[in-house]
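Laboratory data are not the source of any read-out in this text; all were calculated from the coordinates shown. Please read these numbers as outputs of a predicted model, since none were measured by experiment. For neighbour counting, all protein chains shown are included, and Cβ atoms are generated from backbone atoms with ideal geometry for every residue, glycine included.
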Amino acid sequence: MPSPTDIVLTLFLGLLGGLAAVTAGRVIPLFPRHDPDPDDDSGPPPPTCPHCGAEVPWPRWIPLPLRFLARAGCEACGAAVRSPAALWLAAPFLGLLALTGGERSPSEFVAFSFFAVWGVLLTIIDARVHRLPNRLVLTSYPVALVLLAAAAATTPGGTGRLTAALIGMAGLAAFYWVLWFIHPRGWGGATSKWRGCSASTSAGTVSGV
């Protein structure tokens, strides 16, 4: 039976994770609904304010538009931009992760929480625009590798497990790229890019990182 300390920690981490998900989720409305033709190989529309249509400044190699998130709204028109309420579902999930992962280090919890939040963001955006923005996909790689390295450094035998995770990531990423090469219309290139990153989590979970 969980101790009172475990319950308090679970509630705290769940709330913290929910707040992080809702904050990052403000980028979702920046990608307007888009239904491209099957032969359209272009990327998603650029991130724009859902109120005035102004393009939101977003440096290409930064995972999130920090200035936009700090303002919690559009810099051009001043209107607030809210994230979908469904992102609060991340709170109970992350709380459950904290409750069931008593032997995990804080760095491990942060790493898996990042993948959970990022996966939800990309899933919702993909459902809206049928594309995965490189701004969110490609920038997740260095973040994921840093977090997994930190988790490995605080886990007994973590170096070997991280190596196994990276080998698994490379193998799964190669497999998904082959699927895209064989049938690009049925398996998008951006999906293959994200599968390469998420594969590191799957491999890390199996190997114990």
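If one computes P(r) from the Cα atoms of region 50-177, what percent of pairs lie at distances over 21 Å? Provide the component values of the computation, followed by the final result.
Details: 4382 of 8128 pairs.
Counting every Cα pair in region 50-177, those more than 21 Å apart make up 54 percent.
How would you order 112-119, 163-170 from highest to lowest mean count of nearby Cβ atoms within 10 Å?
Numbers: 112-119: 20.2, 163-170: 18.0.
Highest to lowest by the protection proxy: 112-119, 163-170.
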